[in-house]
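All remarks here apply to the structure that follows.
The values are calculated or read from the model by the stated rules, or taken from the named source; none is laboratory data. Everything numeric in this text was worked out from a predicted model, so none of it was measured. We place every Cβ from the backbone using ideal geometry, glycine too, and count neighbours over all the protein chains shown. We work out accessible area using only protein heavy atoms, side chains counted, and drop any ligands, DNA or RNA first. Shrake-Rupley method; radii C 1.70, N 1.55, O 1.52, S 1.80 Å.
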Amino acid sequence: MGIDANTTGPTFHQHRFLGQGHEQSERRSWTVIWLCGAMMCAEIIGGLLFGSIALVADGLHMSTHAGALLLAALAYTYARRHAENANFTFGTGKFGDLAGFTSAIVLAMIALLIGYESVTRILAPVQIHFAEAIPIACVGLAVNIASAWLLSAGGHHHGHSHGEHDHHTDEGPHTISTRSGDLLLEVFEDGVPPRFRLRAARGPAPDAATTRITTTRPDGVRQEFTMVARGGFLESVAEIPEPHAFNAQISLGADTYTTVFEEHTHGHGATGRDNNMRAAIIHVLADAAVSVLVIVGLLLARAFGWLWMDPLAGIIGACVIASWSYGLIRDTGAILLDRIPDRRLAEDLRTTIESDGSRLADLHLWRLGPGHLGAIVSVCPKEPCTAEYYRAKLARYPALSHLTIEIQG
């Protein structure tokens, strides 16, 4: 992985940093494009044959929808075809983020256009042909529902969630069988610094004065935790440092019991999110949301004569689309500018490196593609050691697909 200090020479490896299920997402995108393209042609041709300007207008609107999805499909195809191209220093995994950023800009422009048109119709109402407009909106909603189902089938794409997700999940309570009954030991960190909590499955908690927990980490570092009573359970006085991967020895007077805590990493959240598919789904959801609002507005306008309901529905839809667009611009822009994708992971890397007394002099962490991170780690070791020593310590983080380690003297 890169060129490391204290090695005899460079080690080369492939820079293929595409997301899991990349080919499936590519195929689904093209399928939806064909569906939208067929619907677009049917509406435009039907509108011209039967003299319906509303049908032609909806067909032209569908063409912008298909164009945005075409951008996503082309990004998938280009990234796959050039995944092994050495001219891309860190692979083509960011093509999806670039396409997502571009789609977000298009979404923002659509929101402005819808908002402008809606305000114009409030100031200068126009005649609405309910008999044509309502069925067209219903057909458009059906197409959008089918498109959303095709795009999300088989994948786990969080359409418009924001923020960073925790890159690991701590285990649940460990059951420890003792002579006095079962005990439950867990690492509790729900809104508080992580501490051990020990309780009895049934009955009162053990005596805090005779209870100790000792952790032994893979690098041999040991730490002892004293316990205090907190009502129906015992809690450790000291906080548990990251990472939460160690053997825990529970001492109950003269008896000792051992359990193993492991930390599990995954590729969800900001690290594993496919922003290209996310942008495509947001386009579909935005169109579906507008269709629902338009249908409701048209029905109320026809039933009660509230012609202002139709443009009001357009303004609400524009605000929803603008909100989703902003979130997508923020997240994809941060990736394109190599912002740290997961601050919790960055802190865990620091803790792991410095657990033996070494000092982390510098850390660069960025996203290479969905589920893939790059990192450059500069370490001042406490004792002379090689880069492979630290590479082994960081091997428990599978998202680090490209790791470069520098040893400072």
Item to check | Members of region 73-105 that are touching a His at 6+ places or on another chain (Cβ under 8 Å) and either modelled with pLDDT of 85 or more or in a helix (DSSP H, G or I) (or both) | outcome: Tyr76, Ala79, Arg80, Ser103
Checklist entry - Restricted to region 371-409, and to residues that are assigned to a loop (DSSP other than H, G, I, E, B) and among the basic types (Lys, Arg), which residue is farthest from Leu336 (Cα to Cα)? => result Lys382
Checklist entry - Just one of the numbered conditions (1) in contact with a Phe, Trp or Tyr (Cβ under 7 Å, 6 or more places away or on another chain); (2) modelled with pLDDT of 80 or more is not true of Ile122; which one? => result (2)
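Does region 329-361 hold any residues that are of a type in the set (A, V, I, L, M) and part of a helix (DSSP H, G or I), and which are they? Show your work before the answer.
So in region 329-361, the residues of a type in the set (A, V, I, L, M) come out as 329, 334-337, 340, 345-346, 349, 353, 360-361.
Passing the criteria: Ile329, Ala334, Ile335, Leu336, Leu345, Ala346, Leu349, Ile353.
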Next on the checklist: I want to confirm something. Restricting to region 386-409 and keeping residues that are more than 24 Å from Lys94 (Cα to Cα) and exposed (fewer than 15 other Cβ atoms within 10 Å of the Cβ), which single residue is farthest from the chain's Cα centre (by Cα)?
Outcome noted: Gly409
Next on the checklist: Would you confirm, using the coordinates I've provided, whether Thr352 is touching a residue at least 24 places away in the same chain (Cβ under 8 Å), surrounded by 17 or more Cβ atoms within 10 Å (Cβ to Cβ) and hydroxyl-bearing (Ser, Thr, Tyr)?
Outcome noted: yes
Item to check | Hits in region 25-43 (condition: buried (at least 21 other Cβ atoms within 10 Å of the Cβ), among the aliphatic types (A, V, I, L, M) and in contact (Cβ under 8 Å) with a residue 60 or more places away in the chain) | outcome: Val32, Met39
Item to check | Count of region 78-108 residues which are open to solvent by 10 Å² or more (accessible area, probe 1.4 Å) and closer than 22 Å to Met39 by Cβ | outcome: 1
Checklist entry - When residues of region 313-336 are filtered for being buried (at least 23 other Cβ atoms within 10 Å of the Cβ) and hydroxyl-bearing (Ser, Thr, Tyr), how many remain? => result 2
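When you look at Gly163, is it small (Gly, Ala, Ser), part of a loop (DSSP other than H, G, I, E, B), open to solvent by 50 Å² or more (accessible area, probe 1.4 Å) and at pLDDT below 85, yes or no?
No: the conditions fail for Gly163.
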